[in-house]
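Structure, as structure tokens:
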Amino acid sequence: MSRRYRDVAAKMQQNVQKHLKEMKELSSSEDEEPYESSVLEGVLQTYRRGGGDTHMLDRTKHLLEEAISGRSVTCLICIASIKRADAIWTCDHCYSYFHLLCIQKWANDSVSLRTEETHGPIAVVKPKKIEWCCPKCRNSYTKDEIPRRYRCFCSKTDDPPFHPWLIPHTCGEVCGKPLSSGDNCKHKCLLLCHPGPCPPCPQTVNGVCYCEKERKKVRCSAAKWSCGQQCKKLLLCKSHKCENTCHPDDCPPCSYVSVQSCQCGAEKAKRPCNNPSWQCKKVCNKPFSCGYHKCEKVCHSGSCGTCPNSGTRSCPCGANQRFVQCPDVMETCMGTCNKMHDDCDHRCPEKCHKGSCPPCQVLIEKKCLCSAHTRMLPCSKEYKCETKCRGIRPCGKHGCSRKCCNGNCPPCEKVCDKPLQCGRHKCTMVCHRGPCYPCPRESKITCRCKETYITVLCGREKHTKPPKCNLQCKIKYKCGHVDENKHSCHFGDCPPCKAICKKPYEKCEHNCKATCHEYVAVTFKPVEKPATPWEIIPPKTKIMTLDCPPCETPVSVICFGEHETENQPCHSAKRRCCGRKCGRPLACGNHSCSLLCHLYKHDPQFPNVPYNCKPCDKECIVARPEKCSHKCSIRACHPGNCPPCEILERIPCHCGVTELYLRCRELSTATEEMLSCKQQCPKNLECGHRCRNTCHSGICGVGQVCNKKTKIHCQCGNLKRDAPCNLVRSGEAKVACDGSCEAKKLAAQVEKEKEQRRLKELEEERNRKELAEYEWKLSGKKKKYKEKKVVANEDNRSLLRKYWIPVLSIIICTFGALYMIIDI
């Protein structure tokens, strides 16, 4: 078997390689020339400027790229590659390529098949239009449009020669096809002969938007556009304007509703604004001017007009006319009716009559329905021949055989009699195409108890589920619980018993609340793992009675510390720690027990559980009074308020010079006077003088005026006098310079000049000594240095001439002071 498989695989590989070799030979090397995409993009760049529809342009670009790139195009008829030198035909709708010989064969075969369908051996049918379709887009073409010649894409040149520098199957001339089939664009395509559709017109024209508000120069292919503004054209109702944005075509109907009167004005109703003209159901019933007849029109506008029974009237044939006045009636004349029949072009030969004309009896040559025979018959009579139709009925098996058939053969009337899918019956329908319908007969499918059944189509019994029976199952349980296990009829085993056991427990007074556990199917699985697959023992099932499970009845149990009560199963119910802190208040009254939940009194059932709270070992946490930073004197946590603090505090007075001793409890109630040392405040005011108030808090100088004597000087500092401090600070007290000030300034200037001359002489003496020493060093001779005598200038002036300036200043100051004292 393996050898045979290898032979078949090798043969398949050989065929595949052979097929690939043939496909490689078919693909010509000349069809794979590269091209430059930038060239094509540059040609179509001008078409993209200025907007317009680019869908057709993209389609043209795609087909041009396909033609230039050299990629092989496949003929959908022969599934072979189309070479550049092959004769082709292009569909005018989808622009697909086909070999010319392939499309000719395809079109001829399609026409032949259509002809065979409509023409039997002796069939008499109505001739139909014979068409063939494009293999790709199914666009229809007539028999006369079957291609006979190989033409270029623009259809100007027959059998275009292959040129290596042109697109395949093109003539190299300007396309020249009209760019639009309508009257809007009259331009022609300026591209060279090309495959695919012509691009949109690139010419620039003066365009206008749909609402005619905006005008600009655009491409001819997009001469109209939406400007985005509201249309605002007046609607047909003549009351409202269009609120849509600029749009093509007509404006939509008005969407408003208004109260409008009917044509006669008798009724008013709310109606759409776009349909203002409506009629009520009221008959006009207004009397005409003749007085004998009334208007029988239903709700109309305007006047009722003249009476239709009076005035210039004509006979039914219209030959005679005369004036008739109500209540007279126009009678028929003795002439011929001569009216044209509705169904033909003949005139009525009867005498003038009222009502419709009788059927036309003119003899004409008429064709039968099948168009096979002709006969002279009255114009109004239908002609049917006796020739039987030899066409095939829609069933495709039996002939028509109907007399004078018009080509539309009726359905077949014979019985099909084919065996149906059920395999037991035959088809009783009339002869038809395709498979037969399922068997229409029915079969019964019952439930297990045979009481409920459904009917299904014959042959569907194996694929249909049994019906769901709502009746009670008739099988009894072995445990005896019948009323508790009522269930519907079913197939297979009954479900397990759902009744409650209700047997009393021995240790408690509760009953078992588990579902019935008598005659329960218990599965036993082997414990030992099998060593080999064939030693696997399947699980065994045995029907047996099980013991009652532990009592699960919830029992209320309180925790040790009596914080919460929880429900526990009866078989495991006992008091336990809830996990919370004890929380009972201790003797101090400020804290609570921090131990975990424990007993409040001794219980012999729980000897290891504590039953006393832990004593409080924390410090007093009562908030201290204001300004007290000491701890409680009791230290340990205690009930009630803390005792007053008796610790002495050493605090400075307001001025900070003296320290006072007060009890800590007195600090919170101490007054301003208690914290004062009763001495004069040592602080200075802003002016620099000492504060005159006693020791106080706050800023000095509030509410007092400094009157201390302060010396003030003139501008040059020669004169001075005493003045109150407040006047000096406010700038009211001032000292003006006098003549002594000028004399003092002159004396000081003279003294300054003398001092400058003295310093200059000293500088010249120093320079002379340094020059002499330098010359001595340059001479190189060791001469004994002789100290020159320095002659000191002695001042022989008298005391008055020496100190006249200070004496004069003292005198002036004395007189100034006396003057100020006299003024004060």
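The values are calculated or read from the model by the stated rules, or taken from the named source; none is laboratory data. Treat the numbers as computed from the prediction; the structure is a model and nothing was measured. Note: ideal-geometry Cβ built from the backbone for every residue, glycine included; neighbour counts use all protein chains shown.
Could you tell me whether residue 92 is buried (at least 17 other Cβ atoms within 10 Å of the Cβ), at pLDDT 85 or above and among the acidic types (Asp, Glu)? So residue 92 does not fit the description; no. Listed here are the strands (runs of 3 or more DSSP E) enclosed by segment 120-239 that have at least 1 residues being at pLDDT below 85: 131-133, 204-208, 215-219. Taking segment 95-114 as the range and being exposed (fewer than 14 other Cβ atoms within 10 Å of the Cβ) and either modelled with pLDDT under 80 or of a type in the set (D, E, K, R) (or both) as the test, the residues that pass are 105, 109, 113. Taking segment 732-758 as the range and being out of contact with any helix residue (DSSP H, G or I) (no Cβ under 6 Å at 6 or more places or on another chain) and over 15 Å from residue 714 (Cα atoms) as the test, the residues that pass are 746, 748, 749, 750, 751, 752, 753, 754, 755, 756, 757, 758. Within segment 281-298, residues that are on the phi > 0 side of the Ramachandran plot have Cβ atoms under 8 Å from residues that are surrounded by 12 or more Cβ atoms within 10 Å (Cβ to Cβ) and in a loop (DSSP other than H, G, I, E, B) in these pairs: 285/295; 291/326, counting only partners at least 6 apart in sequence or on another chain.
The rows are residues; the columns are (1) closer than 30 Å to residue 570 by Cα; (2) surrounded by 11 or more Cβ atoms within 10 Å (Cβ to Cβ); (3) over 60 Å from the mean Cα position of the chain (by Cα).
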position: 454; (1), (2), (3): no, yes, no
position: 464; (1), (2), (3): no, yes, no
position: 509; (1), (2), (3): yes, no, yes
position: 525; (1), (2), (3): no, no, no
position: 537; (1), (2), (3): no, no, yes
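Every residue, every condition in (1) at pLDDT below 85; (2) touching a strand residue (DSSP E or B) at 6+ places or on another chain (Cβ under 7 Å), yes or no:
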| position | (1), (2) |
| --- | --- |
| 653 | no, yes |
| 656 | yes, no |
| 659 | yes, yes |
| 666 | yes, no |
| 673 | yes, no |
| 684 | yes, yes |
| 698 | yes, no |
| 710 | yes, yes |
| 722 | yes, yes |
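Within segment 357-381, residues that are at positive phi have Cβ atoms under 7 Å from residues that are among the aliphatic types (A, V, I, L, M) and surrounded by 13 or more Cβ atoms within 10 Å (Cβ to Cβ) in no pair, counting only partners at least 6 apart in sequence or on another chain.
Scanning segment 202-216 for residues that are in contact (Cβ under 8 Å) with a residue 24 or more places away in the chain and either touching a Ser or Thr at 6+ places or on another chain (Cβ under 9 Å) or not assigned by TED's automatic domain parsing to the domain that holds residue 169 (or both) yields a count of 4.
Is it true that residue 629 is surrounded by 15 or more Cβ atoms within 10 Å (Cβ to Cβ) and among the polar types (S, T, N, Q)? For residue 629, the condition - surrounded by 15 or more Cβ atoms within 10 Å (Cβ to Cβ) and among the polar types (S, T, N, Q) - is not met. Annotation: of all residues in segment 77-86 being out of contact with any Cys (no Cβ under 6 Å at 6 or more places or on another chain) and surrounded by fewer than 16 Cβ atoms within 10 Å (Cβ to Cβ), the one that is modelled with the highest pLDDT is 85. Just for segment 715-727: of the residues that are over 17 Å from residue 821 (Cβ atoms) and surrounded by 15 or more Cβ atoms within 10 Å (Cβ to Cβ), which one is farthest from the chain's Cα centre (by Cα)? Residue satisfying both the conditions and the ranking: 718.
Taking the criterion of being out of contact with any Phe, Trp or Tyr (no Cβ under 8 Å at 6 or more places or on another chain) and in contact (Cβ under 8 Å) with a residue 60 or more places away in the chain, the residues of segment 221-244 that qualify are 221, 222.
Here the condition is being loosely packed, with under 15 Cβ neighbours inside 10 Å, in contact with a strand residue (DSSP E or B) (Cβ under 6 Å, 6 or more places away or on another chain), modelled with pLDDT under 85 and not charged (D, E, K, R); of 411, 438, it holds for 438 alone.
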